[in-house]
1. How many residues, within the range 27-42, are exposed (fewer than 15 other Cβ atoms within 10 Å of the Cβ) and hydrophobic (A, V, I, L, M, F, W, C)?
2. Can you give me the ranges of the strands (runs of 3 or more DSSP E) entirely in the chain with at least 3 residues that are at positive phi and more than 8 Å from the chain's Cα centre (by Cα)?
3. If the Cβ limit is 8 Å and pairs must be 6+ apart or interchain, which residue in the range 10-35 that is over 13 Å from Val59 (Cβ atoms) and hydroxyl-bearing (Ser, Thr, Tyr) pairs with which residue that is outside any strand (DSSP E or B) and modelled with pLDDT of 95 or more?
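The values are calculated or read from the model by the stated rules, or taken from the named source; none is laboratory data. These numbers come from a predicted model, not from an experiment. Virtual Cβ from ideal backbone geometry, glycine too; neighbours counted across all protein chains shown.
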Amino acid sequence: MIAIFKTLCQVKLPYAVFGIILTNGVVSEAAPIGKWMIGKSLDFIKTWVLQRKGTVEPVVSDCQE
């Protein structure tokens with residue numbers, strides 16, 4: 001059986017704060033403002049957010065087997 005790692009992250013930007021859910025390091029769900037992030041890797045999202053003077057912080061992690 002393959003383990004599935006899900007992580008809820010908070011994205012903080014100067015103009016918005018919202019959540020994204022990562023499944024095995026890739027965005028699988030997002031608030032409407034971050035819908036374009038679905039399918040992108042965490043590394044890509046962190047780079048994009050940092051360029052805009054924001055942060056990405058994990059809130060909750062879960063592993064399902």
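1. Residues flagged as exposed (fewer than 15 other Cβ atoms within 10 Å of the Cβ) and hydrophobic (A, V, I, L, M, F, W, C) within the range 27-42 amount to 4.
2. So the answer is none; nothing clears 3.
3. Ser28/Ile38
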